[in-house]
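Q: Here it is, the structure, as structure tokens.
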Amino acid sequence: MTPDVETLADHYIQIGRQEAMEGLPEGRDAALAELRFADSLRRSAERLSQRSAESARGHGASWREIGEAVGGITPQGAEHRFSAAAKERRSKASKAEWPSEDRSYESERA
């Protein structure tokens, strides 16, 4: 029988949280240790999600299936989040130089 993935994830998160905070009394240091653990966990989960989505695409999964697997986002949302080509397009767009218009308050009032 396949375990429920949320229950499994919660179990391992709780174990990691306890180990990260081991020996620390309640308070500032424990809260900061927990925050460092949570941030590391978030970054690790993002890397795992990216690798898994790339693997799923490599094995023929559609963007719809990938979107459903990550909480029901749209196929376009899944492609936007995981596609290397979409990330490249966003990167190029963010580096493009757009003409700026010098609009001062006075020129807008005129």
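Q: Please work out how much accessible surface Thr74 shows to a 1.4 Å probe, ignoring ligands, DNA and RNA, in Å² rounded to 10.
A: Per-residue accessible area (Thr74): approximately 80 Å².
Q: Name the residues whose placed amide hydrogens come within less than 5 Å of the amide hydrogen of Leu24, ignoring near sequence neighbours (fewer than 5 apart) on the same chain.
A: For Leu24, no residues qualify.
Q: Hey, what angle do you get for helix 28-58 against the long axis of the chain, alpha-carbon based, 0 to 90 degrees rounded to 10?
A: Helix 28-58 sits at roughly 70 degrees to that axis.
Q: Where is the GNM fluctuation largest for the chain (alpha-carbon springs, 10 angstrom cutoff): Glu54, Glu26, Glu79?
A: Of Glu54, Glu26, Glu79, the most mobile in the Gaussian network model is Glu26.
Q: While we're on this one: If you bin every alpha carbon distance in the stretch 9-106 into 5 Å steps from zero, what whole percent lands in each bin?
A: For the stretch 9-106, the binned pair fractions read 2, 11, 14, 13, 11, 11, 10, 10, 8, 5, 3, 1, 0 percent.
Q: Let me ask something else about it. In the Gaussian network model of the chain, springs joining C-alpha atoms below 10 Å, which of Arg57, Arg81, Arg90 carries the largest mean-square fluctuation?
A: Comparing Arg57, Arg81, Arg90 in the GNM, the peak value goes to Arg90.
Q: With the crude spin-label approximation of a point 7 Å out along Cα→Cβ, what separation in nm comes out for Ala96 versus Glu46?
A: It is 2.5 nm.
The values are calculated or read from the model by the stated rules, or taken from the named source; none is laboratory data. This structure is a prediction, so every number in the text was calculated from the model and none was measured. So basically every Cβ, Gly included, is an ideal-geometry build from the backbone, and we count neighbours across all protein chains shown. These accessible areas exclude ligands, DNA and RNA; they are computed on the full protein's heavy atoms, side chains included. Shrake-Rupley method; radii C 1.70, N 1.55, O 1.52, S 1.80 Å.
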